[in-house]
1. If we keep just the residues of segment 70-82 that are part of a helix (DSSP H, G or I) and without any contact (Cβ under 8 Å) to a residue 24 or more places away in the chain, which is farthest from residue 35 (Cα to Cα)?
2. Filter segment 15-36 down to residues that are assigned to a helix (DSSP H, G or I) and touching a helix residue (DSSP H, G or I) at 6+ places or on another chain (Cβ under 9 Å) and give me whichever is farthest from residue 70 (Cα to Cα).
3. Where residues in segment 1-14 are in contact (Cβ under 8 Å) with a residue 40 or more places away in the chain and in a loop (DSSP other than H, G, I, E, B), which of them is nearest to residue 68 (Cα to Cα)?
4. Kindly indicate the residue of segment 49-69 that is surrounded by fewer than 13 Cβ atoms within 10 Å (Cβ to Cβ) and in contact (Cβ under 8 Å) with a residue 24 or more places away in the chain and also farthest from residue 12 (Cα to Cα) among those meeting that condition.
5. Scan segment 45-60 and tell me whether some residue there is outside any strand (DSSP E or B), within 11 Å of the chain's Cα centre (by Cα) and under 18 Å from residue 2 (Cβ atoms).
């Protein structure tokens, strides 16, 4: 949680990532992360999600623990969100 600029309302987990859930789209779009802290979660990554204003939900996927920063379109994460 220290690697996120805002605490989520809920945290879930599957075998790939922590799913941090926020109340609204703005929380997700304005979220800042600390990649160095998120790296310590290896082998898990972090996906932030919330109900969307125009769509069912929005999400951002952060994967510094696995070698990158942010990936906006990740099929396996969308499967987990579904």
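1. Only one residue fits best here, namely 79.
2. Per the stated criteria, the residue is 36.
3. Ranking the candidates gives 3 first.
4. Among those residues, the one meeting the criterion is 53.
5. Looking for residues that are outside any strand (DSSP E or B), within 11 Å of the chain's Cα centre (by Cα) and under 18 Å from residue 2 (Cβ atoms), one finds none in segment 45-60, hence no.
Each value in this text was obtained by applying a stated rule to the coordinates, not by laboratory testing. Since we're looking at a predicted model, the values are computed, not measured. Virtual Cβ from ideal backbone geometry, glycine too; neighbours counted across all protein chains shown.
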